[in-house]
């Protein structure tokens with residue numbers, strides 16, 4: 001495969017916080033339509049990798065190329081417009097706005113000051129919002145303030161807010177953390193629907209869930225890639241068993 | 001949006017609140033008060049402009065500025081410079097060593113009108129300056145702070161420092177600014193005396209009209225998608241940023257808008273009171289502005305207006321009888337608001353009076369009471385002027 005065929009190429013990525021290298025010379029590549037899960041023990045630098053890709057944290061060295069653009073030099077909102085969507089670990093939705101308004105804010109139109117002043121809620125917006133709301137099981141709660149949703153529903157809403165942006169790459173940080181068993185199952189279904197037409201990068205601890213969705217798994221340890229491959233490959237890698245899965 | 005026709009909006013519940021305020025300001029108060037008192041209300045109203053700006057900037061967007069007096073003062077000074085030049089004709093100042101310049105310049109051995117005073121001979125320039133000088137300063141502060149992601153307490157402290165700096169600058173540059181006395185002895189506006197009772201009453205009505213114009217602009221911004229982004233930013237700034245918005249640009253815009261409102265208020269203040277001085281610019285007046293915004297309800301535009309009127313009326317009342325008590329009363333008021341009703345009068349109104357209104361409406365079985373829609377704002381954060389929800 002040619003290098004430019006990758007959707008995302010991370011090469012030699014390093015970030016150092018006061019000398020501590022949270023991510024250390026990390027390289028990995030995502031193919032279009034791939035579902036990649038990053039696992040690893042606490043403090044391995046998983047969330048930092050997502051922070052680096054979406055621009056929340058600036059890289060000390062290395063490159064992140066996404067559809068031919070160098071993300072390390074771009075501002076956060078430009079990275080979003082380039083097609084990268086990021087879900088945070090704690091559900092971050094706008095509690096004072098309704099579910100509808102939450103999704104509408106993320107609709108990819110009227111993102112400048114003047115554009116948002118002139119923004120009109122037309123049929124296309126309503127249709128897009130309703131269709132996404134249906135996907136994330138919130139179609140009956142559109143008029144509810146997001147603050148009243150359950151933890152799991154907030155997670156779904158945030159995923160919906162990403163979907164409506166139509167990103168080429170979707171990054172999810174522990175999407176099923178804190179969910180009930182039923183919600184977990186529903187989320188897995190949701191992710192399976194999403195992954196049909198998105199490239200997804202997920203951080204997850206739940207190995208059952210990882211096995212369910214992953215094409216490939218990257219195991220991180222101390223800021224570096226420890227192992228990479230199919231779920232069976234990494235599960236049987238003695239180094240992964242040593243530092244993460246346990247005997 | 002349910003406000004497709006302006007008439008329909010006026011007859012909605014929110015529209016009626018606006019009508020009630022208009023009735024109070026444009027009919028009831030002018031009939032009930034003598035020109036002297038009405039002029040005082042007019043003075044309070046100029047603070048309502050600051051309050052509207054603070055509601056947008058602090059209440060909606062979560063940006064607390066403790067330096068709104070700066071913008072109020074700049075607007076006021078721009079207007080005062082124009083009026084002062086008009087009052088300083090060569091004939092009126094013939095006894096000065098340099099006739100034709102403002103008296104305080106002459107007293108300070110300034111012999112020539114400084115360059116930055118020159119354009120204030122023009123009234124149209126002055127009107128522009130009333131908006132643009134505060135707007136431009138706010139823009140510079142905004143770019144410097146928000147691009148660097150300075151926020152919260154740090155931003156508040158910096159705005160306070162700017163208020164302090166501007167006061168010191170004005171007082172120090174006596175020859176150019178009139179120093180601690182300010183710019184006084186303002187007489188006419190384009191030949192029309194602003195000192196007569198009739199003029200003061202006219203200016204009062206001008207202030208009311210401009211206030212409503214600003215209210216409508218603020219309401220339009222609030223009800224646009226921009227307004228929802230502000231609320232979203234207040235809650236989850238990062239989520240807004242990673243939804244593809246340049247957060248700094250939104251903050252800069254709303255901060256500039258608030259500054260321009262304050263500038264308009266300042267200009268109208270100068271016109272109605274007849275002078276401008278640094279005592280309206282510094283830290284204390286800036287904090288008072290925040291207090292009356294908090295008292296009225298920092299999430300409600302109309303609440304801010306009522307807060308400005310009530311606190312200033314109370315201030316006058318107290319100061320007339322017990323001048324030394326006012327600062328304590330003010331402090332107590334602020335603590336009371338923070339502890340007992342953090343959403344201010346608007347919050348109280350929404351919690352206690354609006355249910356009564358609902359019951360009344362339902363009692364009469366008017367069809368208008370049937371589609372009761374409330375906003376999605378959190379609990380009583382939502383405001384009397386914030387009623388129509390846009391149903392998807």
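What's the number of the condition residue A:67 fails, among (1) at the interface with chain B (Cβ under 9 Å from one of its Cβ atoms); (2) in contact (Cβ under 8 Å) with a residue 60 or more places away in the chain?
Residue A:67 satisfies all of (1) at the interface with chain B (Cβ under 9 Å from one of its Cβ atoms); (2) in contact (Cβ under 8 Å) with a residue 60 or more places away in the chain except (1).
For the condition crowded, with 17+ Cβ neighbours inside 10 Å and either at pLDDT 95 or above or farther than 14 Å from residue B:185 by Cβ (or both), what is the one hit in B:131, B:136?
None of the other options fit; the residue is B:131.
Can you spot a residue in the stretch A:159-169 that is in a strand (DSSP E or B) and under 18 Å from residue B:244 (Cα atoms)?
First, pick out the residues of the stretch A:159-169 that are in a strand (DSSP E or B): A:169.
Subset that is under 18 Å from residue B:244 (Cα atoms): A:169.
So far as the stretch A:159-169 goes, yes, one or more of its residues are in a strand (DSSP E or B) and under 18 Å from residue B:244 (Cα atoms).
Here are some residues: A:67, A:86. Which one is at pLDDT below 95 and crowded, with 23+ Cβ neighbours inside 10 Å?
A:86
Across the stretch B:317-347, what is the total count of residues that are under 23 Å from the mean Cα position of the chain (by Cα) and surrounded by fewer than 16 Cβ atoms within 10 Å (Cβ to Cβ)? Walk me through it before giving the result.
If we filter the stretch B:317-347 for residues that are under 23 Å from the mean Cα position of the chain (by Cα), which is where we start, we get B:317-319, B:326-327, B:329-338, B:341-347.
If we keep only those that are surrounded by fewer than 16 Cβ atoms within 10 Å (Cβ to Cβ) too, we end up with B:317, B:319, B:327, B:331-332, B:335-336, B:338, B:342.
Looking only at that region, the number is 9.
Within the stretch A:138-146, identify whether any single residue is within 9 Å of chain B (Cβ to nearest Cβ) and assigned to a helix (DSSP H, G or I), and answer yes or no.
Yes, there is a match, as at least one residue in the stretch A:138-146 is within 9 Å of chain B (Cβ to nearest Cβ) and assigned to a helix (DSSP H, G or I).
Taking residue A:94 as the residue in question, decide whether it is crowded, with 21+ Cβ neighbours inside 10 Å, over 25 Å from residue A:19 (Cα atoms) and out of contact with any strand residue (DSSP E or B) (no Cβ under 8 Å at 6 or more places or on another chain).
yes
I'm trying to understand the selection: among the residues of the stretch A:207-222, which are out of contact with any helix residue (DSSP H, G or I) (no Cβ under 7 Å at 6 or more places or on another chain) and within 16 Å of residue A:44 (Cα to Cα)?
If the condition is that a residue be out of contact with any helix residue (DSSP H, G or I) (no Cβ under 7 Å at 6 or more places or on another chain) and within 16 Å of residue A:44 (Cα to Cα), then A:218, A:222 are the ones that fit.
When you look at residue B:199, is it under 30 Å from residue B:113 (Cα atoms) and part of a helix (DSSP H, G or I), yes or no?
yes
If we keep just the residues of the stretch A:75-103 that are facing chain B (nearest Cβ under 7 Å) and not in a loop (DSSP other than H, G, I, E, B), which is farthest from residue A:128 (Cα to Cα)?
A:76
Count, please, the residues in the stretch B:33-91 that happen to be farther than 20 Å from residue B:280 by Cα and not in a helix (DSSP H, G or I).
Of the residues in that region, 9 qualify.
Here are A:160, A:152: which of them is in contact with a helix residue (DSSP H, G or I) (Cβ under 8 Å, 6 or more places away or on another chain), without any contact (Cβ under 8 Å) to a residue 40 or more places away in the chain and more than 9 Å from chain B (Cβ to nearest Cβ)?
Values: A:160 fails: without any contact (Cβ under 8 Å) to a residue 40 or more places away in the chain.
Going through A:160, A:152 in turn, just one is in contact with a helix residue (DSSP H, G or I) (Cβ under 8 Å, 6 or more places away or on another chain), without any contact (Cβ under 8 Å) to a residue 40 or more places away in the chain and more than 9 Å from chain B (Cβ to nearest Cβ): A:152.
What residue, of A:47, A:14, A:72, is surrounded by fewer than 21 Cβ atoms within 10 Å (Cβ to Cβ), over 15 Å from the mean Cα position of the chain (by Cα) and either within 12 Å of chain B (Cβ to nearest Cβ) or in a helix (DSSP H, G or I) (or both)?
Going through A:47, A:14, A:72 in turn, the sole match is A:72.
Can you tell me how many residues within the stretch A:170-190 are touching a residue at least 60 places away in the same chain (Cβ under 8 Å) and either closer than 23 Å to residue B:244 by Cβ or in a helix (DSSP H, G or I) (or both)?
Step one: filter the stretch A:170-190 for residues touching a residue at least 60 places away in the same chain (Cβ under 8 Å), giving A:170-175, A:177.
Still in the running and either closer than 23 Å to residue B:244 by Cβ or in a helix (DSSP H, G or I) (or both): A:170-175.
Total meeting the criteria: 6.
Identify all residues within the stretch A:174-201 that are under 10 Å from the mean Cα position of the chain (by Cα) and closer than 24 Å to residue A:129 by Cβ; write none if there are none.
Result: A:175, A:199, A:200.
With (1) closer than 15 Å to residue A:224 by Cβ; (2) within 14 Å of chain B (Cβ to nearest Cβ); (3) part of a loop (DSSP other than H, G, I, E, B) as the list, and residue A:52 as the residue in question, which single condition is left unmet?
Failing condition for residue A:52: (3).
Every residue in the stretch A:104-137 that is surrounded by 21 or more Cβ atoms within 10 Å (Cβ to Cβ), within 11 Å of another protein chain (Cβ to nearest Cβ) and in a helix (DSSP H, G or I), please.
Within the stretch A:104-137, A:104, A:105, A:106, A:116, A:129, A:133 qualify.
Taking residue B:281 as meeting all but one of (1) more than 27 Å from residue A:98 (Cβ to Cβ); (2) more than 17 Å from the chain's Cα centre (by Cα), write down the number of the exception.
(2)
Between a first residue in the stretch B:170-181 that is assigned to a loop (DSSP other than H, G, I, E, B) and a second residue that is surrounded by 15 or more Cβ atoms within 10 Å (Cβ to Cβ), which pairs have beta carbons less than 6 Å apart while being 6 or more apart in sequence or on different chains?
Here the result reads B:178/B:104, each pair linking the stretch B:170-181 to a residue that is surrounded by 15 or more Cβ atoms within 10 Å (Cβ to Cβ).
Looking at the stretch B:233-256 only, could you name the residues that are part of a helix (DSSP H, G or I), facing chain A (nearest Cβ under 7 Å) and either under 20 Å from residue A:122 (Cβ atoms) or under 24 Å from the mean Cα position of the chain (by Cα) (or both)?
B:249, B:250, B:253
The values are calculated or read from the model by the stated rules, or taken from the named source; none is laboratory data. A quick note: this is a predicted structure, and the numbers were derived from the prediction, not measured. For neighbour counting, all protein chains shown are included, and Cβ atoms are generated from backbone atoms with ideal geometry for every residue, glycine included.
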